[in-house]
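Everything below concerns the one structure shown next.
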Amino acid sequence: MTAGPRRVGGRYFVQNPGPTNIPDRVLEAFRRPAIDFADPEFVAMVDGIWRELPDIFGGADKVVALTTVGHGAWESALTNTLDPGDAVLIPDCGMFGRRWARMARELGYELVRNERHTRRRTEPSDIADILAADTAHRIRSVCVVHTETSTGAVVDLAAMRAAIDAADHPALFVVDGVCSLGIEPLQMRDWGIDVVLAASQKGLMMPPGLSFCALSERAIERNREVTTPRFHLAWGPRFEEGAIYHRFGGTPPIQHMFALREALDIIAETGGIEASVARHRRWAAAVHAAVDGWATAGPWEINIPDPEHRTAAITCVRTGDLDANPLISLARDRFNVSVGSAMLTELDGRAFRIGHLGDLNEPMLLGALGGIETAMTVLDLPRGEGLPPAIASLAATSGL
Ligand SMILES: *Cc1c(COP(=O)(O)O)cnc(C)c1O
């Protein structure tokens with residue numbers, strides 16, 4: 001297999017919380033030659049994907065694909081469901097929640113938010129009073145980041161839905177599922193979610209460049225009524241079945257579609273979304289065990305103290321007073337393990353983030369943890385044993 005740049009032999013471990021490792025089958029799909037997007041074979045393949053996508057999101061009424069990154073899906077979700085100047089509630093839960101909120105404000109919407117928190121999940125209590133006080137129903141959407149990739153927290157979406165219902169509030173429920181699709185349980189229909197947006201480079205194990213908005217009937221209705229100017233990212237023209245050019249707002253990303261076909265096949269062949277969610281839970285538990293092991297004799301600490309609040313996708317490891325950046329560089333440049341740096345400004349240089357999502361298995365995970373641990377050893381950083389507890393965790397949950 002190819003090594004990463006500047007590295008000798010062997011595999012390069014992408015343990016960032018996106019982009020993630022890409023299976024060879026998905027990569028090879030990008031080598032397929034060009035084909036006319038109106039070719040019946042291509043259209044039939046896309047139609048097949050379109051029939052499968054609603055279930056991947058746990059019961060969407062329609063799914064719109066966008067040839068853009070998660071930011072494009074954010075923008076699309078806002079401009080397709082709001083009138084100019086509308087108020088939106090976007091809880092302040094970390095870097096991604098903040099960025100989406102900033103986008104809403106720069107697009108001219110009125111931003112409503114709770115007090116910032118970065119060491120727990122967003123709770124129903126963060127929005128309950130705000131919604132109850134909004135008796136005029138000026139807030140038209142509640143926008144929640146499911147897995148906050150900067151902190152490692154995951155939201156209980158059913159509980160958030162219940163809070164919106166308890167306030168008897170008609171706002172749309174919009175969820176950023178970029179770092180949770182295929183990783184965390186996601187029941188769009190049962191949990192009354194109106195929009196789930198997602199992107200290709202996390203749980204779907206693809207390169208970046210493709211994103212989605214999965215929609216409920218309510219979201220589709222709202223979309224017909226609202227008047228925010230939009231063109232390329234508009235959903236309406238993308239609904240027309242058959243007009244494949246318009247379904248993608250322009251030339252379809254043909255090779256991304258071949259790759260998506262492979263990714264969906266891989267997920268199906270390995271037990272489907274539910275099995276994928278279960279695998280991510282196991283990997284997360286093993287990483288948590290490793291960090292707890294390091295923490296027995298060092299400053300290492302999982303950013304989200306309450307295990308119930310932790311996502312299965314990523315772990316943000318706080319490094320106390322230690323500078324995390326030499327560790328990140330050494331792990332990457334010498335030991336072939338790439339992890340994410342701190343994203344929260346208050347943790348700048350004092351945390352790293354291990355992604356445990358996408359195309360992964362036990363030896364890859366242990367290899368990544370071992371690479372990090374080796375870098376810690378070379379740098380003489382204080383730590384307890386991380387690998388033995390991770391191995392014990394994986395063994396205990398192996399099902400054998
Ligand atoms: C990665 C990520 C995004 C941003 O996706 P881009 O493709 O970088 O625009 C948005 N939200 C969450 C939760 C993410 O993890």
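Could we say that Arg32 is open to solvent by 40 Å² or more (accessible area, probe 1.4 Å), farther than 20 Å from Gly236 by Cα and within 15 Å of the ligand (Cβ to nearest atom) here? Quick ask: steps written out before the conclusion?
Numbers: open to solvent by 40 Å² or more (accessible area, probe 1.4 Å): yes; farther than 20 Å from Gly236 by Cα: yes; within 15 Å of the ligand (Cβ to nearest atom): no.
In short, no.
Within region 243-253, can you find the residues that are touching a residue at least 60 places away in the same chain (Cβ under 8 Å) and not hydrophobic (A, V, I, L, M, F, W, C)?
Result: Tyr245, Arg247, Gly249, Gly250, Thr251, Pro252, Pro253.
Would you pick out the residues in region 109-161 that are surrounded by 23 or more Cβ atoms within 10 Å (Cβ to Cβ), of a type in the set (S, T, N, Q) and not in a loop (DSSP other than H, G, I, E, B)?
Ser141, Thr147
When you scan region 70-91, do you find a residue that is within 16 Å of the ligand (Cβ to nearest atom), in the same structural domain as Ile164 (by TED's automatic domain parsing), of a type outside the set (A, V, I, L, M, F, W, C) and open to solvent by 60 Å² or more (accessible area, probe 1.4 Å), even just one?
Yes, because at least one residue in region 70-91 is within 16 Å of the ligand (Cβ to nearest atom), in the same structural domain as Ile164 (by TED's automatic domain parsing), of a type outside the set (A, V, I, L, M, F, W, C) and open to solvent by 60 Å² or more (accessible area, probe 1.4 Å).
Looking for whichever is away from the ligand (no atom under 15 Å from the Cβ), open to solvent by 30 Å² or more (accessible area, probe 1.4 Å) and either aliphatic (A, V, I, L, M) or more than 30 Å from Asp156 (Cα to Cα) (or both) here; the options are Gly48, Gly10. Which one fits? Give the steps one after another, and end with the answer.
Working: Gly48 fails: open to solvent by 30 Å² or more (accessible area, probe 1.4 Å).
Being away from the ligand (no atom under 15 Å from the Cβ), open to solvent by 30 Å² or more (accessible area, probe 1.4 Å) and either aliphatic (A, V, I, L, M) or more than 30 Å from Asp156 (Cα to Cα) (or both) holds for just one of Gly48, Gly10, which is Gly10.
So, in region 92-108, of the ones that are open to solvent by less than 10 Å² (accessible area, probe 1.4 Å), assigned to a helix (DSSP H, G or I) and touching a Leu at 6+ places or on another chain (Cβ under 9 Å), which residue ends up farthest from the ligand (Cβ to nearest atom)?
Ala104
Out of Gly9, Gly85, Gly94, which single residue is among the small types (Gly, Ala, Ser), under 30 Å from Glu115 (Cα atoms) and free of Cβ contacts under 8 Å to residues at least 60 places away in the same chain? Outline the logic, then answer.
On the way: Gly9 fails: under 30 Å from Glu115 (Cα atoms); Gly94 fails: free of Cβ contacts under 8 Å to residues at least 60 places away in the same chain.
None of the other options fit; the residue is Gly85.
Just give me the residues in region 272-310 being crowded, with 16+ Cβ neighbours inside 10 Å and among the β-branched types (Val, Ile, Thr), in sequence order.
Across region 272-310, the qualifying residues are Ile273, Val277, Val287, Val291, Ile302, Ile304.
The values are calculated or read from the model by the stated rules, or taken from the named source; none is laboratory data. Treat the numbers as computed from the prediction; the structure is a model and nothing was measured. Virtual Cβ from ideal backbone geometry, glycine too; neighbours counted across all protein chains shown. Remember, those area values only see protein heavy atoms, side chains included, never the ligands or the DNA or RNA. Shrake-Rupley method; radii C 1.70, N 1.55, O 1.52, S 1.80 Å.
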